[in-house]
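Student: Before I ask anything, let me first share the structure, which is written out below as structure tokens.
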Amino acid sequence: MVNSILYDSIPVCSGRSDSLMKKSYTLIIAVLVAAVVVSSVVVFDSGLFGNNSGELITYTADAYVQEANYLLDGYHNISGVNVEPAKGGGSYTDAREISQNDPANIFISVALNSYDKSYLVPRYSGWAIAFAADSLVIAYSGLTDHNSSAVSIINQFSQANSTNSSTLYRDAFMNLTSGKVKVGISDPNSDPAGFRAWISLEIAGYEFENGNRSYFENRMSHNSGNVSATSAAELVSPLVDGNIQFLYIYRSAAIAKGLDYISLPPSLDLGNESMASFYGQFNYTLATGVISGSPIYLYISALANNTNATSADGFVSYVVNNNSNLTEFGLVPLKTSLLFTSVAVPSWIQNQIQSGKLKIGGSVD
């Protein structure tokens, strides 16, 4: 198509002199050579779109099913590759299912350690790319307003946010963990939103209770204030039905579900890339080991032993180059995506690094 457009744009006239004809032929050859160069670039990029054997199968953290389907639809429209609707679940649950050789080509997760060998062997590829950032919020629904203690908590957080008052933040967290309201926190061993909620409470103790990191965590547990489920998504219905009053969830998920939410300060929302070293001072012990706090990123990787390797690589490339529209979902697209790798990466990823679309962020393991 590029060649024909360029060729058709050259005027063709009869009755010209030999000299003029030679110049015309020279011009045509030069343009066609340029077109071949352009065409080769397109073929290189679109080569990642081809060789599709069956539909592209994507597992994603359940908080990001909507975003994953948006990206998959865009990829299908530009490439023609057939795609299945994304399969949602807790990031760790997804990883375990993938490792059991469930059909899968792409894994989108909100936890970097879910790409570890311990979770993904034999589908471990050794790399993952962070392409967007999110933050932690405390969501509530219309029925939350029917609980007087919950209304007081919302007002306290609102005043604390507007004044940045440590005293008001302390009062809000004292009431949040009092047991007078029920707070949804997903199972940390299946859903990263869970351990991030507990880490956020740990930071709250450090910030607002004289450095006592475990204060609000212990208070919540002692007062039986939290309700758990496999994933934060499973706790949305109990929140909407009024069975729980609050829910720790990602901001983008709260927006997608139409929930009201309390914004946390940057030190507690795990959404500020510049505070990575601060978040890293806090941790939570999972069944698989200790996990440290870190900024909330959305990661993507093409899985190893992939029956749709070319199309999977093409989708990852598409996501890295088309993440800017994710702002409409409440995500913060990374201007330069971050590559986390413990292996030598494919040449197409090296090309992304050289073009400035990617930079090294660290290792996977």
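Student: Just need the relative contact order of the chain here, percent rounded to a whole number, with Cα pairs under 8 Å and 6+ apart. Could you put the intermediate results ahead of the total?
Tutor: On the way: 690 pairs, mean separation 87.1, N = 365.
Relative contact order here is 24 percent.
Student: What shape does the stretch 136-285 have by the C-alpha gyration tensor, where a ≥ b ≥ c are the square roots of the eigenvalues, rounded means a/c under 1.5, and otherwise prolate means a/b greater than b/c and oblate the rest?
Tutor: Working: a/c = 1.37, a/b = 1.17, b/c = 1.17.
It comes out rounded by the Cα gyration axes.
Student: A follow-up question, please. Choose one of Y92, L338, N226: the residue whose Cα lies farthest towards the positive end of the charge dipole of the chain (beta-carbon charges +1 Lys, Arg; -1 Asp, Glu; about the Cα centre).
Tutor: The Cα lying farthest towards the positive end belongs to L338.
Student: Rounded, prolate or oblate: which fits the chain, taking a ≥ b ≥ c as square roots of the Cα gyration tensor eigenvalues, rounded meaning a/c under 1.5, else prolate when a/b beats b/c?
Tutor: Working: a/c = 2.66, a/b = 2.27, b/c = 1.17.
Prolate, because a/c is 1.5 or more and a/b exceeds b/c.
Student: OK, next. Helix 166-176 versus the longest principal axis of the chain: what is the Cα-based angle in degrees, 0 to 90, to the nearest 10?
Tutor: Around 80 degrees separate the two axes.
Student: If one computes the Cα centroid of the stretch 195-249 and of the stretch 309-352, what distance in Å separates the two points?
Tutor: 32
Student: Using a/c under 1.5 as the rounded threshold, could you call the stretch 272-349 rounded, prolate or oblate? The axes a ≥ b ≥ c are square roots of the C-alpha gyration tensor eigenvalues, and prolate needs a/b larger than b/c, oblate otherwise. Don't skip to the end; give the middle numbers.
Tutor: Details: a/c = 2.25, a/b = 1.36, b/c = 1.65.
Oblate, since a/c reaches 1.5 and b/c is not below a/b.
Student: Ranked from highest to lowest mean number of other Cβ atoms within 10 Å per residue, what is the order of the peptides 134-142, 257-265? Present the calculation step by step, with values, prior to reporting the outcome.
Tutor: Details: 134-142: 22.7, 257-265: 17.7.
For the peptides 134-142, 257-265, the packing ranking is 134-142, 257-265.
Student: Then there is this: For the chain, what is the mean residue ellipticity at 222 nm derived from helices alone (per DSSP H run of n ≥ 4: -39500 (n - 2.57); sum divided by total residues; nearest 500 deg cm²/dmol)? Write down the numbers at each step before the final one.
Tutor: Details: 15 runs with 156 residues, N = 365.
Computed ellipticity for the chain at 222 nm equals -12500 deg cm²/dmol.
Student: How do 277-284, 195-202 rank on mean C-beta neighbours within 10 Å, highest first? Numbers along the way, then the final one.
Tutor: Working: 277-284: 15.9, 195-202: 25.0.
Result, highest mean Cβ count within 10 Å first: 195-202, 277-284.
Student: What is the angle, in °, between the Cα long axis of helix 148-163 and the longest principal axis of the Cα atoms in the chain? Nearest 10 is fine, range 0 to 90.
Tutor: 60
Student: Run the dipole for the chain about the Cα centre, Lys and Arg Cβ at +1, Asp and Glu Cβ at -1, nothing else charged, and hand back the magnitude in debye, nearest 20.
Tutor: Values: 18 positive and 29 negative charges, 155 e Å.
Its charge dipole is roughly 740 debye.
Student: How far is helix 18-46 tilted off the main Cα axis of the chain, in degrees rounded to 10, range 0 to 90?
Tutor: The two axes meet at around 30 degrees.
Each reported figure results from applying straightforward, stated rules to the coordinates on display, with no laboratory input. Source: prediction; values computed, not measured. Positions of Cβ are backbone-derived with ideal geometry, glycine not excepted, and every protein chain shown enters the neighbour counts.
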